[in-house]
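What follows is a short report on a single structure.
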Amino acid sequence: MNVTLAKTAGFCFGVKRAVDTVYNQIQKADVPIYTYGSIIHNEEVVADLQQKGVRVVEDLSQLCALKPGIMIIRSHGVSKETISAIEQAGFTTVDATCPFVKKIHKIVEEQSKEGKHIVIIGNNSHPEVEGTKGWVDGPVTVIEDVENSQKFHILDKKSVCIVAQTTFNYNKFQELVEIISKKGYDISVLNTICNATEERQAEAAELAEKSDAMIVIGGKHSSNTQKLFEISKKECENTYYIQTLSDLDLQKLKSVRNVGITAGASTPNTIIQEVFDNVRRI
């Protein structure tokens, strides 16, 4: 059996930076440490942090019942109002928002103040998109699919600024932009999908195309891992989406000749290595 591990598999820059931020605070802080939302979309990492005393805060309504301390802003970012509310409640904020996401916040804030209608191409319920909406000073529309883009319509003659969720599928982004572009609005398009996402998706497609089986490792709620699974599945029908080695039935791979392995940006290297080592032993 030939087992190939994608070079881009595992923590991206923004995720590593966020996780390192929390562990650094654990070492030096003498006050309670919280993260606003899961610091990244990986249950194993979040569970390890909780064992070390870090609590996850899911909603602003929880703040009044907590002892003030350090609140670490997750890698996906949050709205301006959320940061303000946390600080007003007496917490010290430490911003671990991915720099690529922060760049989008700055873009939509500036472009909306210039009077442009902001369009975010991404998943409306994803925390990154929810946070980005909170930096828009004016009208904003989130477009997830072809149906949304076809229905998009604004009554006035406003200019439109289009950005993307950093982990969105690049080919799908291009498809939706093309549909909107035909509507005749004055449109500026900023491809804010991060380079790491594009490279990871391209490598996954290439690896899946020449593999008899493909393994995609990542959290259930990880948007970028879900995209990797979709891309891999399109090229290789025999594609498995797992969180850890325990989710993988190794018996199914015994008759397979070429196996490709990739992982989402929130997947720790220890999990990737464990899967890789055990598949190679078959």
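When segment 212-230 is filtered for residues that are touching a Ser or Thr at 6+ places or on another chain (Cβ under 7 Å) and closer than 11 Å to N258 by Cβ, only M214 remains.
Scanning segment 1-39 for residues being within 30 Å of A213 (Cβ to Cβ) and part of a helix (DSSP H, G or I) gives a total of 5.
Of the residues N224, N278, which single one is more than 27 Å from F13 (Cβ to Cβ) and not in a strand (DSSP E or B)? That would be N278, the only listed residue that is more than 27 Å from F13 (Cβ to Cβ) and not in a strand (DSSP E or B). The residues of segment 1-29 that are within 13 Å of the chain's Cα centre (by Cα) and not hydrophobic (A, V, I, L, M, F, W, C), listed by number, are G10, G14, K16.
Taking (1) out of contact with any helix residue (DSSP H, G or I) (no Cβ under 6 Å at 6 or more places or on another chain); (2) within 18 Å of V46 (Cβ to Cβ); (3) in a loop (DSSP other than H, G, I, E, B) in turn, T270 satisfies each apart from (3). In segment 2-12, the condition of being of a type in the set (A, V, I, L, M) and more than 17 Å from V216 (Cα to Cα) is met by no residue.
When we screen F100, F168, F173 for residues that are under 27 Å from Q201 (Cα atoms) and modelled with pLDDT under 95, the only hit is F168. Somewhere in segment 182-200, is a residue farther than 28 Å from I107 by Cβ, over 18 Å from the mean Cα position of the chain (by Cα) and in a strand (DSSP E or B)? So far as segment 182-200 goes, no, none of its residues is farther than 28 Å from I107 by Cβ, over 18 Å from the mean Cα position of the chain (by Cα) and in a strand (DSSP E or B). Being free of Cβ contacts under 8 Å to residues at least 40 places away in the same chain and either within 25 Å of Q243 (Cα to Cα) or part of a helix (DSSP H, G or I) (or both) is the requirement here; does E81 meet it? No: the conditions fail for E81. Of the residues examined, V46 is one that is within 23 Å of N224 (Cβ to Cβ), out of contact with any helix residue (DSSP H, G or I) (no Cβ under 6 Å at 6 or more places or on another chain) and not basic (K, R).
The residue that is farthest from the chain's Cα centre (by Cα), counting only those in segment 243-267 that are surrounded by 21 or more Cβ atoms within 10 Å (Cβ to Cβ) and not hydroxyl-bearing (S, T, Y), is V259. Taking each residue of segment 209-224 that is closer than 16 Å to L250 by Cβ and looking for partners that are of a type in the set (D, E, K, R) with beta-carbon atoms closer than 6 Å, six or more apart or interchain, yields D212/R257. Residues in segment 40-78 that are in a loop (DSSP other than H, G, I, E, B), within 21 Å of I271 (Cα to Cα) and free of Cβ contacts under 8 Å to residues at least 60 places away in the same chain: K52 only. So for segment 117-136 (the condition being over 29 Å from I83 (Cα atoms), outside the structural domain of V78 (by TED's automatic domain parsing) and within 20 Å of the chain's Cα centre (by Cα)), does at least one residue qualify? Taking every residue of segment 117-136 in turn, none turns out to be over 29 Å from I83 (Cα atoms), outside the structural domain of V78 (by TED's automatic domain parsing) and within 20 Å of the chain's Cα centre (by Cα).
If you go through segment 15-67 and keep only what is surrounded by 15 or more Cβ atoms within 10 Å (Cβ to Cβ), touching a Lys or Arg at 6+ places or on another chain (Cβ under 9 Å) and closer than 18 Å to Q88 by Cβ, you end up with P32, Y34, Y36, L66.
With respect to being assigned by TED's automatic domain parsing to the domain that holds G37 and part of a helix (DSSP H, G or I), E87 fits the description.
Meeting the requirement of 3 or more residues that are aromatic (F, W, Y), under 27 Å from A18 (Cα atoms) and touching a helix residue (DSSP H, G or I) at 6+ places or on another chain (Cβ under 6 Å), no helices (runs of 4 or more DSSP H) wholly within segment 96-176 can be named.
Testing Q88 on (1) closer than 26 Å to K28 by Cα; (2) touching a strand residue (DSSP E or B) at 6+ places or on another chain (Cβ under 9 Å); (3) not charged (D, E, K, R), one condition comes back false. Which one is that? Going through (1) closer than 26 Å to K28 by Cα; (2) touching a strand residue (DSSP E or B) at 6+ places or on another chain (Cβ under 9 Å); (3) not charged (D, E, K, R) one by one, Q88 breaks only (2).
The values are calculated or read from the model by the stated rules, or taken from the named source; none is laboratory data. Treat the numbers as computed from the prediction; the structure is a model and nothing was measured. Neighbour counts are summed over all protein chains in view; Cβ atoms, including those assigned to glycine, are modelled from backbone coordinates with ideal geometry.
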